[in-house]
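Each value in this text was obtained by applying a stated rule to the coordinates, not by laboratory testing. Note that the coordinates shown come from a computational prediction; the quantities given were computed from them, not determined experimentally. Cβ sites come from the backbone with ideal geometry, for glycine too, and all protein chains shown count toward neighbours.
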Amino acid sequence: ELLEASPAAANALEDAFGWRPLLFAAHAGDAGLLELLVGARADVRASCHRGNTALHLAAAGGHAQATALLVGAGADVEAQSVQGWTPLIWSAITGQDQAAAALLSRRAAPAVRDAEGRTACMWAARHGHRGVMRTLLATGGVDLAVKDNDGLTLRDHAKEYETLRRTFGQVGSRSLSLSSSVE
């Protein structure tokens, strides 16, 4: 009813962070509300103060239906936030395999680099998201020799993750053996 009475409400700006109703709906993964807002001509390319669009938020949250709806409504799959993160990079950071696959099927470019020179596959490797890495590598669009601004390759990021995982695993097992010997 509000949208019918005031179509401008679909694009109303929330001042503190620059979020609009569409961004809130995408963050929640509410496809029904997204459909209503898109039908009321909400701007699917609008971004918050950090440069994130509704598609960034849907992809980061792994909301596949919301991601597909936004892409179908004309959302930009290559939109970059102030950090240079695309929706594909966000899906890689958060380990959202289905969102990454949906974006790739809509021609999202896996070779796009953010402000730190990192690709989506580098971010997936840094966070240990093997499923997203497999999806990205299967495209054939990932250059294994590319280096980020720190001179690190995809392989370096993967090694760093494995080193951290092993280190924390060892610390965790030592903590368990210490606590059981105290009891």
Checklist entry - Could you give me the ³J(HN,Hα) list for the range 83-93, computed from phi with Karplus coefficients 6.51, -1.76, 1.60 and θ = phi - 60°, whole Hz, x at Gly and Pro? => result 7, x, 7, 8, x, 5, 4, 4, 5, 6, 4
Checklist outcome for this item: Taking Cα atoms only, Rg over Rh for the range 2-182 with Rh from the Kirkwood formula is 1.09
Checklist entry - Could you give the nm distance between label points at Glu35 and Arg130, where each point is 7 Å from its Cα heading toward the beta carbon? => result 3.7 nm
Item to check | Gain upon complete extension [Phe24, Arg107; 0.36 nm per residue less C-alpha separation] | outcome: 27.4 nm
